[in-house]
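What follows is a set of notes on a single structure, which appears directly below.
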Amino acid sequence: MPEISVGDRVSWNTSQGRTRGSVTEKRTSDFEFAGQHFTASSGDPAFIVQSEKTDAKAAHKGGALRKLKS
């Protein structure tokens, strides 16, 4: 799996289908986002992503993201 970094263009699944956007933050410690608790570590980070279509932000683990070609 390619390493994901801030600024990368990625896609992820939603209930409406596949969504595209970019990584705005990389989190390496546990955090709260949109009322949910997320676990993260340097070995298993989580990412805050922003949708290209709606500008909405979401948190996902790296395994849920697919890095797109620029």
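List of remarks:
- Residues of the stretch 29-70 that are closer than 14 Å to Val6 by Cα and open to solvent by 70 Å² or more (accessible area, probe 1.4 Å): Lys57, Arg66, Lys67, Ser70.
- Scope the stretch 4-44; condition within 17 Å of Leu65 (Cβ to Cβ), of a type in the set (D, E, K, R) and either free of Cβ contacts under 8 Å to residues at least 24 places away in the same chain or part of a strand (DSSP E or B) (or both); matching residues: Arg9, Arg18, Arg20, Glu25, Lys26, Arg27, Asp44
- Residues in the stretch 1-28 that are among the hydrophobic types (A, V, I, L, M, F, W, C) and over 15 Å from Lys57 (Cβ atoms) were compared, and the one that is least open to solvent (accessible area, probe 1.4 Å) is Ile4.
- Test for Arg27: is it modelled with pLDDT of 95 or more and in contact with a Leu (Cβ under 8 Å, 6 or more places away or on another chain): no
- Positions within the stretch 51-70 being outside any loop (DSSP other than H, G, I, E, B) and within 8 Å of the chain's Cα centre (by Cα), in sequence order: Ala58, Ala59, His60, Lys61, Gly62, Ala64
- When Ser22, Ser41, Ser11, Ser15 are checked against the criterion of being on the phi < 0 side of the Ramachandran plot, at pLDDT below 95 and out of contact with any Phe, Trp or Tyr (no Cβ under 7 Å at 6 or more places or on another chain), a single residue qualifies: Ser15.
The values are calculated or read from the model by the stated rules, or taken from the named source; none is laboratory data. Computed from a prediction, not measured in an experiment: that's the story for all the values here. Positions of Cβ are backbone-derived with ideal geometry, glycine not excepted, and every protein chain shown enters the neighbour counts. Protein only, heavy atoms only, side chains kept; ligands, DNA and RNA dropped before computing areas. Shrake-Rupley method; radii C 1.70, N 1.55, O 1.52, S 1.80 Å.
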